1. Considering region 41-99 alone, what residues qualify as being farther than 27 Å from ARG234 by Cα and hydroxyl-bearing (Ser, Thr, Tyr)?
2. List pairs: first in region 342-366 and of a type in the set (Phe, Trp, Tyr), second modelled with pLDDT under 95 and open to solvent by 60 Å² or more (accessible area, probe 1.4 Å), Cβ under 6 Å, 6+ apart or cross-chain?
3. Yes or no: region 313-320 includes at least one residue that is open to solvent by 30 Å² or more (accessible area, probe 1.4 Å) and among the β-branched types (Val, Ile, Thr).
4. So which residues in region 228-240 are of a type outside the set (Phe, Trp, Tyr) and without any contact (Cβ under 8 Å) to a residue 40 or more places away in the chain?
5. Does region 325-340 hold any residues that are outside any loop (DSSP other than H, G, I, E, B), at pLDDT 95 or above and open to solvent by 50 Å² or more (accessible area, probe 1.4 Å), and which are they?
6. Give the residue, chosen from LEU535, LEU504, that is farther than 26 Å from HIS380 by Cα and under 26 Å from the mean Cα position of the chain (by Cα).
7. How many of the residues making up region 162-195 are at pLDDT 95 or above, open to solvent by 10 Å² or more (accessible area, probe 1.4 Å) and over 20 Å from ASP254 (Cβ atoms)?
8. Every residue in region 375-431 that is of a type in the set (Lys, Arg), farther than 13 Å from SER479 by Cα and touching a helix residue (DSSP H, G or I) at 6+ places or on another chain (Cβ under 7 Å), please.
Amino acid sequence: MAPEVISRGRHGAVLLEPGRTRFSLWAPDARSVVVELDGERAHPLEKSADGWFVGEVPVGAGTRYQYRIDDELQVPDPASRAQADDVHSPSIVVDQQAYAWRHADWPGRPWRETVLYELHVGLLGGYAGVEKHLPRLVELGVTAIELMPLNEFPGTRNWGYDGVLPYAPEASYGTPDELKQLIDTAHGLGLMVFLDVVYNHFGPDGNYLGAYAKDFFNHDLHTPWGDAIDFRRREVRDFFIDNALMWVNDYRFDGLRLDAVHAISERDFLVELSQRVHASLQPGRHVHLVLENEDNASSLLESDFDAQWNDDGHNVLHALLTGESQGYYADYASDSTAKLARCLGQGFIYQGNTNRHGKSRGEPSGHLSPTAFVLFLQNHDQTGNRAFGDRLIGLVDDPRALRAATAVLLLAPMIPMLFMGEEWGARQPFLFFTDHHGELAEAVREGRRGEFSEFAEFNDEHQRELIPDPNAESTFEASRPDFTAVAEPDHAEWLALYKSLLTLRHAQIVPNLTQARMLGAEVVGDKAVVARWQLGERVLRIELNLGTATLALSEPSGDFEAIHASLDGALQQRSQGQLPGLAALVFWEKRA
């Protein structure tokens with residue numbers, strides 16, 4: 001399969017041929033724009049009637065440049081393909097064709113084969129550091145790594161969601177070619193690579209767009225991060241769609257996860273992005289688009305997007321496993337068993353139902369394939385947004401319950417996602433970290449502590465001061481998962497569990513996911529449900545009991561073919577009509 005013919009888009013510096021680059025900046029509020037080259041030469045750009053400043057200059061790859069607006073403001077290229085150092089440093093002209101791909105014909109993998117592994121590139125040592133982990137992830141049974149956002153952000157430590165230069169891979173992680181080498185190596189091992197992209201806001205430091213392109217933002221529509229991005233404008237849409245095309249075609253990412261699209265008011269932008277990405281692909285290449293969307297808009301999953309992160313599934317399982325009911329867990333703490341059944345049997349829990357704020361949320365989802373939902377027990381948000389970054393292994397009193405939930409995660413027909421270190425039983429926290437300075441650092445620190453002011457355990461200032469400072473380097477270092485052989489006393493047990501479950505998934509579940517549909521679920525006791533799915537010609541059945549009491553079930557287990565039991569002796573008890581507590585049993589139902 002030949003590489004795609006890549007559309008370079010209009011934004012930024014594009015190498016037209018060796019030694020010749022086109023510079024384009026949309027700056028409708030500017031009177032003049034000059035591109036300053038290598039800190040010495042300056043070349044005025046020609047202004048057109050629609051707010052573009054464009055010019056072709058005889059310079060090649062590696063050239064450092066900045067734009068000077070109205071002879072006053074010096075800024076990096078908002079569509080910079082690489083930065084010399086940080087978000088305020090010069091941008092660099094990049095030759096996207098220079099890297100020699102070893103696996104240019106890699107077609108990707110079908111969505112049904114996906115087992116995601118979310119990771120933070122910086123914590124694993126940059127692009128080269130992540131590359132070293134790939135063989136063990138393949139051995140584990142992972143088929144796709146998902147990189148948290150890696151577009152340029154202020155400093156060298158950040159979750160990635162404070163990025164301001166969406167086209168530029170973070171320089172502290174490595175070069176653009178080192179990122180391509182990571183992806184190339186992954187493809188050679190049969191691994192897909194997904195990227196988390198942020199198209200709903202910019203970070204607070206290093207974004208100069210408002211100074212020369214006020215219309216990039218909709219000042220009448222506000223989000224938690226400030227004025228909304230104005231996707232009604234063609235130039236703004238193309239800025240982000242061309243970005244998606246760059247990641248998919250120049251870097252050959254196998255999928256994108258779009259962050260918080262509920263903060264994007266123009267739904268047709270999302271549809272257009274999907275259509276243009278898929279139209280850019282050679283026949284036979286698999287590229288997958290996944291949403292994070294608090295609105296639970298199932299209609300977006302009917303044709304335009306492969307799946308959505310199912311926060312509902314995480315939240316109800318977390319509430320059942322930990323008993324927590326503060327914050328958003330309050331929406332899942334009451335009637336939690338019925339809500340778990342709704343999740344396993346219909347996808348979303350909130351399908352137009354009213355939440356604790358009296359707001360209706362979601363659309364009906366039971367008609368969708370179970371593979372339209374990404375299920376997880378942990379991720380960067382659900383772990384890192386805790387005050388102390390607690391992992392689930394330290395929050396669940398009985399490991400049998402966590403093993404049962406893990407069996408559901410990895411053997412249910414939804415697409416599973418792991419968070420780095422969970423397969424190892426890692427107990428290092430995953431904290432919120434940034435690298436801001438001065439007044440912004442103080443504002444982020446106090447804002448972080450203020451987020452927990454309504455929680456009982458942080459109801460006074462002294463307790464809130466115990467929350468780690470996001471800007472301290474120690475906060476970042478404490479978040480590194482330890483993958484050494486002696487890291488945790490029970491790491492071998494957790495690793496063996498994940499590996500055995502993923503082996504079962506690939507052998508028995510994945511081959512039957514082509515025509516999967518949900519058949520519903522029922523409550524059979526406190527914290528206990530039975531869920532069923534049609535997978536081709538077979539019916540998959542999961543019996544989950546997160547309570548401690550043994551339950552009597554009417555269906556004889558002789559009608560089932562066992563796939564897995566999370567608890568020793570559970571199958572024998574089930575043969576006697578009993579479902580033991582803290583157990584998950586997975587079966588094929590035998591044909592009548």
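1. THR63, SER89, TYR99, listed by residue number.
2. Sorted first by the residue in region 342-366, then by its partner, the list stays empty.
3. no
4. Across region 228-240, the qualifying residues are ALA228, ILE229, ASP230, ARG232, ARG233, ARG234, VAL236, ARG237.
5. The answer is ALA338, and nothing else.
6. Answer to the check: LEU504.
7. 3
8. Of everything in region 375-431, just one residue is of a type in the set (Lys, Arg), farther than 13 Å from SER479 by Cα and touching a helix residue (DSSP H, G or I) at 6+ places or on another chain (Cβ under 7 Å), namely ARG403.
The values are calculated or read from the model by the stated rules, or taken from the named source; none is laboratory data. Bear in mind that the values here come from a model prediction, so they are computed numbers and not experimental data. As a convention, Cβ positions derive from the backbone with ideal geometry for all residues, glycine included, and neighbour counts pool all protein chains shown. The accessibility values were calculated without ligands, DNA or RNA, using every heavy atom of the protein model including side chains. Shrake-Rupley method; radii C 1.70, N 1.55, O 1.52, S 1.80 Å.
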